[in-house]
Amino acid sequence: MFKHVFLTGPPGVGKTTLVRGASDALVSSGAAVGGFHTEEVREGGRRVGFDVGRRRCVSRETGAHGWPTGSLAEGGGKKVFVIDEIGKMELFSQPFIRAVRQTLDSPCCSILGTIPISRGKPLALVEEVRSRSDVKVFTVSKDNRNVILQDIISALQECLTHTS
């Protein structure tokens, strides 16, 4: 049985769009959703960076690099915490890595996250997440990105029925 849902796929395929759609659907159904998402910044059709947005800040206490300290899922009740994304840049922050691990192990929280597609040198935390038995990974492609949203929402709703 899985507790967390992660999306993977090539850059620009629509992972963040799906995360936002799933988050909005969960909020509409009354689920508590917090965390952060990234938006690509494009110039002339080329990605030049990212903007980071928050969804109902769960913890305002931050450590180095501005990442939340402790578990990202502090507080009571069942909730979904959005982590978009766990990628190479984020892995330069040890507080972020610790917080992700604590949140993955939290009994009261499910994660909706994104991870990069495997290529080149493996990223330790990404591979750790990908190989966990309590994680369901959806691979997003141009072929399925317009039809996979309901499957993601259903998986998250199932996760919420099994969290403490």
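The values are calculated or read from the model by the stated rules, or taken from the named source; none is laboratory data. From a predicted model like this one, the values you see are computed outputs, not experimental measurements. Cβ sites come from the backbone with ideal geometry, for glycine too, and all protein chains shown count toward neighbours.
All of VAL147, VAL100, VAL82, VAL129 fail the test of being modelled with pLDDT of 90 or more, in contact with a Lys or Arg (Cβ under 7 Å, 6 or more places away or on another chain) and closer than 19 Å to THR16 by Cα, apart from VAL82.
Among the residues of region 13-71, those that are under 20 Å from GLU90 (Cβ atoms), assigned to a strand (DSSP E or B) and modelled with pLDDT of 75 or more comprise VAL33, GLY34, GLY35, PHE36.
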